[in-house]
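The values are calculated or read from the model by the stated rules, or taken from the named source; none is laboratory data. Given the structure is predicted, the values throughout are model-derived calculations rather than measurements. As a convention, Cβ positions derive from the backbone with ideal geometry for all residues, glycine included, and neighbour counts pool all protein chains shown. We work out accessible area using only protein heavy atoms, side chains counted, and drop any ligands, DNA or RNA first. Shrake-Rupley method; radii C 1.70, N 1.55, O 1.52, S 1.80 Å.
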Amino acid sequence: MSFFKPKTEAVAPRKAPWAEKYRPRSLGDVASQEMVVETLKKTLQSANLPHMLFYGPPGTGKTSTILALAKDLFGPELSKSRVLELNASDERGINVVREKIKNFARTVVTTPPASAAQNYPCPPFKIIILDEADSMTQDAQAALRRTMETYSKVTRFCLVCNYVTRIIDPLASRCSKFRFKPLDETNALERLQYICQQEEIAANDEVLSRLLIVAGGDLRKAITLLQSASGLAMGSPITVGMVDELAGRVPDAVIDSLVNSISKGIYKDIQQTVDDICLEGFPAAGIVTQLHDKILTDPGYNDNAKSVVSAALSEADKRLNDGADEQIEILNVAYHMVNVLKV
Amino acid sequence: MLWVHKYRPTSLESLDYNEPLTETLRRLADKEDFPHLLVYGPPGAGKKTRVSCLLRELFGPSALKIKEEQRVLQAGTRKFDFVLVSSNHHIEINPAEAGNQDRVVVQELLKEIAQTQPVDVTAKHRFKVVVINEADSLTRDAQAALRRTMEIYSPNLRLILLANTTGSIMGPIKSRTLLVRVPAPTTEDIGNVLAKVADAQDVQLPQDDAARNQLWQNISEKSNRNLRRALLMLETMYARSEKIDASTQVPLTDWQLMIDRIAQSIVKSRTVQQLASVRKDYYELLTHCIPETVILKELLFALLPRVSAVAGKNIVDAAALYDHRLRLGNKGIYHLEAFTASTMRILEEA
């Protein structure tokens, strides 16, 4: 009968990205966002939930929060039948809203099995999570309006998005809004320390806070970076330089050389410097941001210089965002800065 | 077979420059939790080469056995064909080919791949790799579709995105990938590679080192440190004469020469007639499928050495403006002409 025996041979456990592995399992684990978590915890007790709209920058825990809430409400088993998660990778045109969402929304809620009912609140409604809702078309959003109201007895909607302005007003006004702010340092740091502990990584606080700086409040980015850095370090401690390199941050020396070349004011040399920087493949957006940080925080430049630089940088940022050529834009910024930075 | 293809390295060991990067890639390939990658750098820096070497490192030589496949995808009610290149371990797609339908490509293909698990459970890596070329031209919709796909299917699927810049890739994707910068080879690197290829092909090179270095310097400068272009140039030079020395003219493509001529004529005479004749040249270039943005950039850098510093500053300003408008607008010739006209005015005022 050995043929039918389950194979005991160990298959190496799949390594998941840490950002997934360390997703909070319950509301209590969600780092930072006290306001949001506090409010949602109350709903756990009262078992009453409004429609919700979560918005905020990437990596602040929006998707994590709603998934954790769903788990806390229904437990792992029941949440499979009570939660419908749709995101931008699913077809979400107007037809899907009319059929799939509507069908799920109108189904009657079943009585929870005893095992789940004992341990979890199991309120009598289902949750539909529309992740990345800002990428839904206006029409699809409009089709949701009445659906949200009609089936509100048995279904709650949770819209998750980065830009609240892209959600049409009628939808936004049906939801209670939760703003997710960029994570503050202490909470995020704790989370990173916890992960370091779990994964047995050697990284001091200086490295971790550098991670948070380059990630700019995006915890997922910080965790992904930490994972990559630990892979590259191969057991040895992670250094600040490694973090910079991985995050695609332009090294300070490069920015300094550019500013230096600009302050000398020789157009031909500036062109050469910009050429070299672009061939090194440094992202123009990063150069713009770091130039901004450097010039505007430097007390050595007067207000006039700073305002000229700001104007040039803002124009360049807009154009780069529209996909303009990086080399031309950086060159233009540099030339504009010559008059005010020249010594 | 072109030298570019013939001498393309196929394993991480045989890569010629950027050693620290090669080391990084090797370490990544060794690990079990291979992350999603976003590989970016200027054209001809060796992004694609590095990725195919990495695939070989990950899956062994069978990753290089590729075949072409034609697929029919459904976008709403309309069907369209899509070509993809695949091996047993990875597929390579160029979503830009599908134009506005790239979202469908990303959704359908990636999901299909992600949902089938590799049969061999003992293999070192139990995921498939999807290489997305020209990721910077993915539409916002397609990028949005990638986001959750990358997370949900991460056990079965790894993405490698290739792009020239990270500017047009949205934040959420960047925060889910490991950024790998591939800088352009230095002049010295280019020299080494060219020397190696020339040696293998028995090209007659100048004997003394100084002349040789001068030759590499010339090619590297003319190719804008683009290794692919540099190799093509060397091959063209070799095709013209078997003996190459430092004074051999580095061949430029026809369109580059034409743009150079346009720059010359703009600097020389600034009249309405001139503008009209330049327009004819632009149309000629456009009908040969040279993108407007490339024309503008090439023209700008052909103009700059020919004009004074102050005029140069203003011309760069105009170029930045019209380059931006080119990207937003949909009829490029207007902006090219506008750029020409304003350049003429700037030169006239200077």
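Is it the case that some residue within region B:178-187 is in a helix (DSSP H, G or I) and either at pLDDT 85 or above or surrounded by fewer than 22 Cβ atoms within 10 Å (Cβ to Cβ) (or both)?
Yes, that holds for at least one residue.
Let me confirm something: among B:Lys111, B:Lys65, B:Lys174, B:Lys79, which residue is facing chain A (nearest Cβ under 8 Å) and surrounded by fewer than 18 Cβ atoms within 10 Å (Cβ to Cβ)?
Answer to the check: B:Lys111.
Out of B:Arg126, B:Arg71, I need the residue that is open to solvent by 20 Å² or more (accessible area, probe 1.4 Å) and either within 12 Å of another protein chain (Cβ to nearest Cβ) or closer than 22 Å to B:Pro42 by Cβ (or both). Which one?
Unique residue meeting the criteria: B:Arg126.
In contact with a helix residue (DSSP H, G or I) (Cβ under 9 Å, 6 or more places away or on another chain), exposed (fewer than 13 other Cβ atoms within 10 Å of the Cβ) and either at positive phi or free of Cβ contacts under 8 Å to residues at least 40 places away in the same chain (or both) - does that describe any residue in region B:35-50?
Within region B:35-50, none of the residues are in contact with a helix residue (DSSP H, G or I) (Cβ under 9 Å, 6 or more places away or on another chain), exposed (fewer than 13 other Cβ atoms within 10 Å of the Cβ) and either at positive phi or free of Cβ contacts under 8 Å to residues at least 40 places away in the same chain (or both).
Can you name every residue in region A:148-163 that is within 14 Å of another protein chain (Cβ to nearest Cβ) and surrounded by fewer than 20 Cβ atoms within 10 Å (Cβ to Cβ)?
Within region A:148-163, A:Tyr163 is the sole residue that qualifies.
What single numbered condition from (1) under 23 Å from the mean Cα position of the chain (by Cα); (2) at pLDDT below 85; (3) open to solvent by 20 Å² or more (accessible area, probe 1.4 Å) fails to hold for A:Gln193?
Only one criterion in (1) under 23 Å from the mean Cα position of the chain (by Cα); (2) at pLDDT below 85; (3) open to solvent by 20 Å² or more (accessible area, probe 1.4 Å) is unmet by A:Gln193, namely (2).
Would you point out which residue out of A:Arg174, A:Arg210, A:Arg145 is more than 12 Å from chain B (Cβ to nearest Cβ) and surrounded by 21 or more Cβ atoms within 10 Å (Cβ to Cβ)?
Within the list A:Arg174, A:Arg210, A:Arg145, the selection yields A:Arg210.
Out of (1) at pLDDT below 80; (2) open to solvent by less than 50 Å² (accessible area, probe 1.4 Å), what's the single condition that is false for A:Ala222?
(1)
Looking only at residues in region B:308-328 that are among the hydrophobic types (A, V, I, L, M, F, W, C) and more than 7 Å from chain A (Cβ to nearest Cβ), which one is farthest from B:Leu347 (Cα to Cα)?
That would be B:Leu326.
How do the pairs read when you match residues in region B:144-157 that are more than 11 Å from B:Leu110 (Cβ to Cβ) and assigned to a loop (DSSP other than H, G, I, E, B) with residues anywhere that are open to solvent by 10 Å² or more (accessible area, probe 1.4 Å) and at pLDDT below 80, using Cβ under 9 Å and keeping only pairs 6 or more apart or on different chains?
These pairs meet every condition: B:Ser154/A:Ala16; B:Ser154/A:Pro17; B:Pro155/A:Arg14; B:Pro155/A:Lys15; B:Pro155/A:Ala16; B:Pro155/B:Gln117; B:Pro155/B:Arg126.
Enumerate the pairs (first residue in region A:113-125 and in the same structural domain as A:Ser46 (by TED's automatic domain parsing); second residue anywhere and at pLDDT below 80 and in a helix (DSSP H, G or I)) with beta-carbon separation below 7 Å, excluding pairs fewer than 6 apart on the same chain, so at least 6 apart or on different chains.
A:Pro121/A:Leu44; A:Cys122/A:Ala116
Among the listed residues B:Asn156, B:Asn133, B:Asn164, which satisfies the condition of being open to solvent by less than 50 Å² (accessible area, probe 1.4 Å), at pLDDT 85 or above, on the phi < 0 side of the Ramachandran plot and assigned by TED's automatic domain parsing to the domain that holds B:Asp33?
B:Asn133 is the lone residue from the list that is open to solvent by less than 50 Å² (accessible area, probe 1.4 Å), at pLDDT 85 or above, on the phi < 0 side of the Ramachandran plot and assigned by TED's automatic domain parsing to the domain that holds B:Asp33.
Do we have any residue at all in region A:164-171 that's touching a His at 6+ places or on another chain (Cβ under 8 Å) and either open to solvent by 20 Å² or more (accessible area, probe 1.4 Å) or modelled with pLDDT of 90 or more (or both)?
There is no residue in region A:164-171 that is touching a His at 6+ places or on another chain (Cβ under 8 Å) and either open to solvent by 20 Å² or more (accessible area, probe 1.4 Å) or modelled with pLDDT of 90 or more (or both).
Check whether at least one residue in region B:114-123 is more than 9 Å from chain A (Cβ to nearest Cβ), at pLDDT 80 or above and open to solvent by 20 Å² or more (accessible area, probe 1.4 Å), and report yes or no.
no
Name the residues in region A:280-322 that are within 14 Å of another protein chain (Cβ to nearest Cβ), surrounded by 17 or more Cβ atoms within 10 Å (Cβ to Cβ) and over 22 Å from the mean Cα position of the chain (by Cα), would you?
A:Glu280, A:Gly281, A:Phe282, A:Val308, A:Ala312, A:Leu313, A:Glu315, A:Ala316, A:Arg319
On the given criteria, is A:Glu245 within 30 Å of B:Lys313 (Cβ to Cβ), within 11 Å of chain B (Cβ to nearest Cβ), open to solvent by 40 Å² or more (accessible area, probe 1.4 Å) and not hydrophobic (A, V, I, L, M, F, W, C)?
It is false that A:Glu245 is within 30 Å of B:Lys313 (Cβ to Cβ), within 11 Å of chain B (Cβ to nearest Cβ), open to solvent by 40 Å² or more (accessible area, probe 1.4 Å) and not hydrophobic (A, V, I, L, M, F, W, C).
Restricting the search to region B:81-101, which residues are farther than 28 Å from B:Phe59 by Cα and more than 19 Å from the chain's Cα centre (by Cα)?
B:Asp81, B:Asn100, B:Gln101, listed by residue number.
Restricted to region B:232-248, and to residues that are without any contact (Cβ under 8 Å) to a residue 12 or more places away in the chain and outside any helix (DSSP H, G or I), which residue is least open to solvent (accessible area, probe 1.4 Å)?
B:Ser241
List, please: which pairs have Cβ atoms under 8 Å, are six or more places apart or on different chains, and start with a residue in region A:60-81 that is over 11 Å from A:Leu27 (Cβ atoms) and end with one that is among the aliphatic types (A, V, I, L, M) and part of a helix (DSSP H, G or I)?
Taking only residues 6 or more apart or on different chains, the pairs are A:Thr60/A:Leu219; A:Phe74/A:Ala116; A:Gly75/A:Ala116; A:Glu77/A:Ala116; A:Leu78/A:Ala116; A:Ser79/A:Ala70; A:Ser79/A:Leu73.
Need a quick list: helices (runs of 4 or more DSSP H) entirely within region B:261-350 having at least 3 residues that are more than 23 Å from the chain's Cα centre (by Cα) and not hydroxyl-bearing (Ser, Thr, Tyr).
Result: B:272-287, B:309-328, B:332-349.
Can you tell me which of (1) buried (at least 17 other Cβ atoms within 10 Å of the Cβ); (2) farther than 19 Å from A:Asp29 by Cα; (3) in contact (Cβ under 8 Å) with a residue 24 or more places away in the chain; (4) not hydroxyl-bearing (Ser, Thr, Tyr) is the one A:Asn204 doesn't meet?
(1)
In the set B:His288, B:His335, which member is more than 14 Å from chain A (Cβ to nearest Cβ) and open to solvent by 30 Å² or more (accessible area, probe 1.4 Å)?
B:His288
Condition first: open to solvent by 40 Å² or more (accessible area, probe 1.4 Å) and within 14 Å of chain B (Cβ to nearest Cβ). Now tell me which residues in region A:181-190 satisfy that.
A:Pro182
Any residue that is open to solvent by 30 Å² or more (accessible area, probe 1.4 Å), away from chain B (no Cβ under 13 Å), in a helix (DSSP H, G or I) and more than 23 Å from B:Lys47 (Cα to Cα) - is there at least one of those in region A:329-337?
No, because not a single residue in region A:329-337 is open to solvent by 30 Å² or more (accessible area, probe 1.4 Å), away from chain B (no Cβ under 13 Å), in a helix (DSSP H, G or I) and more than 23 Å from B:Lys47 (Cα to Cα).
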